Amino acid sequence: MNSKILSNINSFIKKRSIEAIGILLIFLGLYLLAIIASYSPNDPNFIYNPDNTKIANIGGFYGSVISDFLLQSLGLVSILFVFNWLTWGFTLIKAKIINNFSVKIFYTFLYLIFGTTSLNTIYNTSYWLIDNGNGGFVGRIIKENIFYFTPLIENQYVVYFLILITVIFFILSLSIKINEFLNILSFPLKIIKKILSLFKSNKTLDNSNI
């Protein structure tokens with residue numbers, strides 16, 4: 001009986017600890033999303049740190065430094081990286097485990113490489129990320145090294161393939177199933193359809209009352 005009670009206590013503590021980690025990941029993900037959204041190139045960073053500067057970033061000095069590092073290194077792909085933190089956190093709260101987590105880390109590494117490279121190739125010019133562009137310095141370094149061996153990296157079909165691979169590996173890196181991901185994407189469309197159906201039903205009622 002005592003061993004069963006201890007087993008239940010250990011199980012309870014383990015589950016709550018995993019949920020706490022999940023909550024922490026969600027808060028970190030929301031924090032990263034907030035500081036990236038409020039990023040300003042005029043804020044202090046590792047290199048540029050003037051005194052008495054008004055910081056626009058919602059996370060203050062540390063928020064401006066962290067967001068600058070993420071955006072300058074990974075570019076806009078860093079926004080996708082934030083969603084990994086959020087989905088992993090929700091999965092830990094719901095399922096208490098992330099299946100094949102090491103594989104998901106590998107997929108994350110792959111989509112960051114392909115994503116930064118494709119952005120640097122197809123649309124790197126940015127008025128927001130002036131120094132390294134939308135693909136970050138990671139994408140720039142990878143593209144320059146690939147271009148050294150073959151200029152095919154700038155072929156539009158190759159770029160489209162890189163974008164497709166980025167999306168595939170991004171979905172695989174998340175701890176949600178493909179059908180769940182499609183449901184999330186289709187959710188706004190479902191809301192729009194419901195609103196339109198309400199308008200149609202109201203219009204039908206108005207016409208019937210005339």
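Normalised by residue count, segment 75-131 yields a Cα convex hull volume of 79 Å³ per residue. Label separation (F46 vs I79): 2.3 nm, computed from points 7 Å beyond Cα along the C-beta direction. For a modelled paramagnetic label at S7, 7 Å from Cα along Cα-to-Cβ, no residue of segment 90-105 is in reach, as no backbone nitrogen comes under 15 Å.
Loop-only chymotrypsin sites (Phe, Trp or Tyr not before Pro) in segment 101-157, please: DSSP not H, G, I, E or B, and at most 12 other Cβ atoms within 10 Å.
On the way: sites: F101, F106, Y107, F109, Y111, F114, Y123, Y127, W128, F137, F147, Y148, F149, Y157; in loops: Y123, Y127, W128.
Those that pass, being in a loop and sparsely packed, are Y127, W128.
Over 27 Å apart at the Cα level, from the set K4/K96; K94/K193; K15/K194; K104/K143; K14/K104, are K94/K193; K15/K194.
For V65, V158, give the ranking by accessible area with the largest first, probe 1.4 Å. Can you show the working numbers first?
Details: V65 15, V158 50 Å².
Largest to smallest exposure gives the sequence V158, V65.
Would segment 33-98 count as rounded, prolate or oblate if I go by the C-alpha gyration tensor, calling it rounded below 1.5 in a/c and otherwise prolate when a/b exceeds b/c, oblate otherwise? In terms of gyration-tensor shape, prolate.
Between I130 and K193, the C-beta separation translates, for a Förster distance of 30 Å, into a calculated FRET efficiency of about 0.15. Per residue, the accessible area of segment 1-112 comes to 61 Å² when a 1.4 Å probe rolls over the protein heavy atoms.
The values are calculated or read from the model by the stated rules, or taken from the named source; none is laboratory data. Here the structure is a predicted model, which is why all the values come from computation and not from measurement. Heads up, the Cβs are rebuilt from the backbone with ideal geometry, glycines too, and the neighbour counts pull from every protein chain shown. Areas reflect the complete protein model, heavy atoms only, side chains present, ligands, DNA and RNA absent. Shrake-Rupley method; radii C 1.70, N 1.55, O 1.52, S 1.80 Å.
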